[in-house]
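Presented below is the structure to which this report refers.
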Amino acid sequence: MRHIMVLNPKGGSGKTTLATNLAAYYASEGQQVVLADFDPQASSMDWLARRDESRPEIRGLAGYEEGLQGVGQPDMVFIDAPAGVRGPELTELLRKVETVLIPVLPSPVDMEASTRFIQELRNNARYGKVKAALVGNRVRDHTRITASLYRFLENQRVPYIGALRDTQNYVRAFDRGIGVWEMAPYMSYQDWQQWDPIIEWLDSARSRP
C-alpha cells in the first residue's frame, strides 16, 4: 500500500488539483484508491461528491475528522493536506506517508514560502524516511515569472519532476469530479503529456524511501 501526500503550507498552491487528478489516474489504471482529505475545507470531498458512479471507484475519507482510521488495505492512498502545516503537525503527517509532492505556483510570494517550507521539511526528523519532489503548477510558458519558477525549482535540494500548465481543463475536471485523463483527448492531450514525468517518478523506486 502506498501513501502519497500533497503538501504545501501555503493555501491555493494546487494541492487538491494534484491529489484528485492522481487519484483519478490510478483508479483508471485499476488500482484500489482512497482519497483522504485532511483539509477542513474538504475540497477533495467536494470533488468526489461530483464524481459519477460510472467512473472508476475512488473511496473518500474525511481525514480532517478521523485521520486514516478505516482506510483498509487499498493499493494507493492520496492525502490532500491542509494549509498552514508546521512543527509537530508536520511531523505527524509525515509519519503517515512514504512520498510527498510539493506544488509551487509561479509567484514570488509562493516561491519564498516554498523556500522556507522546503528548509523546514529537510530539517524535520522524518525527512530521511520519506521521499519528496516538487511540481510546478499553473505555469504559463514564455513568461518571465515562469522562467523564474523553473530556475527556482531546478535549484532546490529536492527533485523537480514536472510542471502543469495553467488551463481551464482543471476547473472543468473538478466540476465534473474527474481527472484530466477522463476528458476527451482533443481537449487534454497536452495535460496528459505533462503528467507523464510525474507518474513515471511516482511509479519508480526513486519515489520510495
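Computed from the coordinates by the stated procedures, all read-outs in this text should not be read as laboratory data. Keep in mind it's a predicted model, so treat the numbers as computed, not measured. Every residue, glycine as well, gets a Cβ built from its backbone with ideal geometry; the counts of neighbours run over all protein chains shown.
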Distance histogram for the chain (every C-alpha pair counted, 10 angstrom bins, percent rounded to whole numbers): 9, 37, 39, 14, 1
Exposure proxy order (Cβ contacts within 10 Å, fewest to most) of Tyr170, Tyr189, Tyr160: Tyr189, Tyr160, Tyr170
Where a label projected 7 Å from the Cα of Glu200 along Cα→Cβ would reach, residues of the stretch 1-34 with amide N under 19 Å: 22, 25-26
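If I take R0 = 30 Å and measure r between the Cβ atoms of Val109 and Gln41 in this structure, what FRET efficiency does the formula 1/(1 + (r/R0)^6) give, to the nearest 0.05?
Details: r = 20 Å, r/R0 = 0.66.
My answer for the efficiency is 0.90.
With a Förster radius of 22 Å, plug the Cβ-Cβ distance of Tyr189 and Tyr150 into 1/(1 + (r/R0)^6) and report the FRET value to the nearest 0.05. Spell out each step's value before the answer.
Working: r = 22 Å, r/R0 = 1.01.
Rounded to the nearest 0.05, the efficiency is 0.50.
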Proximal lysines to Lys10, defined as alpha-carbon separation beneath 22 angstrom and excluding residues fewer than eight positions away on the same chain: Lys96, Lys131
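If you take the Cα Rg of the stretch 18-134 and divide it by 2.2 N^0.38 Å, with N the number of residues, what do you get?
Working: Rg = 14.9 Å, N = 117, 2.2 N^0.38 = 13.4 Å.
Ratio of Cα Rg to 2.2 N^0.38 Å: 1.11.
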Order of Lys15, Lys129, Lys96 under a 10 Å beta carbon neighbour criterion, fewest first: Lys129, Lys96, Lys15
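If R₀ is 30 angstrom, what is the calculated FRET efficiency for the pair Arg116 and Gln73, using the beta carbon separation as r and rounding to 0.05?
Details: r = 37 Å, r/R0 = 1.22.
Using R0 = 30 Å, I get an efficiency of 0.25.
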